[in-house]
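Okay, so here's the structure we're looking at.
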Amino acid sequence: MQYKSLNLKKLQIICYPDPLLKKVAQPVEEITEEISDLAESMVDIMVKSSGIGLAATQLGIPLRIITMSVTGKRDDAEIIINPTLSNLSGSSEMEEGCLSVPNVRANVRRANACTVDALDVDGNPFCMDAVELAATILQHETDHLNGILFIDHLNTVSRLSCRRALKQLEKEYENR
């Protein structure tokens, strides 16, 4: 599944509980000009939205593309296509938020380090070791590609503390 005629100007972040967020993304079969343009638009949207990571699924596009910038700056942004995580090690808990789950933040326990194998926007394979915040971003965004939201990782107490904000998002979604 490739996208040839996306209107990049109309792309917008979709929010919980939109069922598109639960779709599992398909691998990018070929890095075309359209895919490259989409990835660059994703970087723009991520930075403009004050995010540090964005998955194509958050735009309703079920392709395995993520962008990330540990500083939130465009100059530091990376485009990661068809990521595969391995060597997950250690454990740490960090407060997370999500552009698709606005106004909700909670502590999530994840591996403290990981390795990602992927393609860059030119189709070149690369491998990157990540720790701390970069590892968290990679896990968070890869979860998106697998139809998993950070709130799916919450324990009962954390889920209860977010309940009101999640109910509000559900109500807004129903009323749109």
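Of all residues in the range 40-65 being in a loop (DSSP other than H, G, I, E, B) and under 12 Å from the mean Cα position of the chain (by Cα), which is nearest to Val24 (Cα to Cα)? Please lay out each step first, then the result.
As a first pass, look at the range 40-65 and keep what is in a loop (DSSP other than H, G, I, E, B): 49-52, 60-62, 64.
This time we only want the ones that are under 12 Å from the mean Cα position of the chain (by Cα), so: 51-52, 60-62, 64.
On the way: Gly51: 22, Ile52: 21, Gly60: 11, Ile61: 10, Pro62: 7, Arg64: 9 Å.
It comes out as Pro62.
With the structure loaded, tell me whether Arg176 is modelled with pLDDT under 95, part of a loop (DSSP other than H, G, I, E, B) and either open to solvent by 30 Å² or more (accessible area, probe 1.4 Å) or among the aliphatic types (A, V, I, L, M) (or both) or whether it fails that test. Steps first, answer last, please.
Numbers: modelled with pLDDT under 95: yes; part of a loop (DSSP other than H, G, I, E, B): yes; either open to solvent by 30 Å² or more (accessible area, probe 1.4 Å) or among the aliphatic types (A, V, I, L, M) (or both): yes.
For Arg176, the condition - modelled with pLDDT under 95, part of a loop (DSSP other than H, G, I, E, B) and either open to solvent by 30 Å² or more (accessible area, probe 1.4 Å) or among the aliphatic types (A, V, I, L, M) (or both) - is met.
Quick one: in the range 134-156, which of the residues that are more than 16 Å from Pro27 (Cβ to Cβ) and outside any helix (DSSP H, G or I) is modelled with the lowest pLDDT? It would help to see each step written out before you state the result.
Here is the first cut: in the range 134-156, the residues more than 16 Å from Pro27 (Cβ to Cβ) are 134-140, 143, 148-156.
From the residues that got through so far, the ones that are outside any helix (DSSP H, G or I) too are 148-149, 154-155.
Values: Ile148: 98, Leu149: 98, Leu154: 94, Asn155: 89.
The qualifying residue modelled with the lowest pLDDT is Asn155.
Go through the range 112-139 and report how many residues are on the phi > 0 side of the Ramachandran plot, touching a residue at least 60 places away in the same chain (Cβ under 8 Å) and open to solvent by 50 Å² or more (accessible area, probe 1.4 Å). Reasoning before the result, please.
As a first pass, look at the range 112-139 and keep what is on the phi > 0 side of the Ramachandran plot: 123, 132.
Narrowing further to those that are touching a residue at least 60 places away in the same chain (Cβ under 8 Å): 123.
From the residues that got through so far, the ones that are open to solvent by 50 Å² or more (accessible area, probe 1.4 Å) too are none.
Residues that pass the stated criteria total 0.
Please identify the pairs in which a residue from the range 18-36 that is of a type in the set (Ser, Thr, Tyr) has its Cβ atom under 6 Å from the Cβ atom of a residue that is surrounded by 14 or more Cβ atoms within 10 Å (Cβ to Cβ), counting only partners at least 6 apart or on another chain.
Ser36/Val121
Which condition does Asn107 not pass, out of (1) of a type outside the set (Val, Ile, Thr); (2) assigned to a loop (DSSP other than H, G, I, E, B); (3) open to solvent by 10 Å² or more (accessible area, probe 1.4 Å), if it passes all the others?
Of the numbered conditions (1) of a type outside the set (Val, Ile, Thr); (2) assigned to a loop (DSSP other than H, G, I, E, B); (3) open to solvent by 10 Å² or more (accessible area, probe 1.4 Å), the odd one out for Asn107 is (2).
Tally time: how many residues in the range 10-27 are open to solvent by 30 Å² or more (accessible area, probe 1.4 Å) and outside any loop (DSSP other than H, G, I, E, B)?
5
Under the condition of being in contact with a strand residue (DSSP E or B) (Cβ under 9 Å, 6 or more places away or on another chain) and open to solvent by 10 Å² or more (accessible area, probe 1.4 Å), which residue from the range 29-43 is farthest from Asp120 (Cα to Cα)? Working first, answer last.
Taking the range 29-43 and keeping what is in contact with a strand residue (DSSP E or B) (Cβ under 9 Å, 6 or more places away or on another chain), we get 31, 35-36, 38-40, 42-43.
With the extra rule that they be open to solvent by 10 Å² or more (accessible area, probe 1.4 Å), the set shrinks to 31, 36, 40.
On the way: Ile31: 9, Ser36: 10, Glu40: 12 Å.
Looking at residues that are in contact with a strand residue (DSSP E or B) (Cβ under 9 Å, 6 or more places away or on another chain) and open to solvent by 10 Å² or more (accessible area, probe 1.4 Å), I get Glu40.
What number of residues in the range 140-173 are open to solvent by less than 30 Å² (accessible area, probe 1.4 Å), touching a strand residue (DSSP E or B) at 6+ places or on another chain (Cβ under 8 Å) and free of Cβ contacts under 8 Å to residues at least 60 places away in the same chain?
So the answer is 4.
Within the range 66-81, can one find any residue that is assigned to a loop (DSSP other than H, G, I, E, B), over 24 Å from Cys127 (Cβ atoms) and open to solvent by 30 Å² or more (accessible area, probe 1.4 Å)?
Looking for residues that are assigned to a loop (DSSP other than H, G, I, E, B), over 24 Å from Cys127 (Cβ atoms) and open to solvent by 30 Å² or more (accessible area, probe 1.4 Å), one finds none in the range 66-81, hence no.
If Gly90 satisfies every condition in (1) closer than 29 Å to Glu29 by Cα; (2) open to solvent by 30 Å² or more (accessible area, probe 1.4 Å) but one, which is the exception?
(1)
The values are calculated or read from the model by the stated rules, or taken from the named source; none is laboratory data. What you see is a predicted model; the values in this text were computed from it and never measured. Glycine gets a Cβ as well: all are built from the backbone with ideal geometry, and neighbour counts include every protein chain shown. The accessibility values were calculated without ligands, DNA or RNA, using every heavy atom of the protein model including side chains. Shrake-Rupley method; radii C 1.70, N 1.55, O 1.52, S 1.80 Å.
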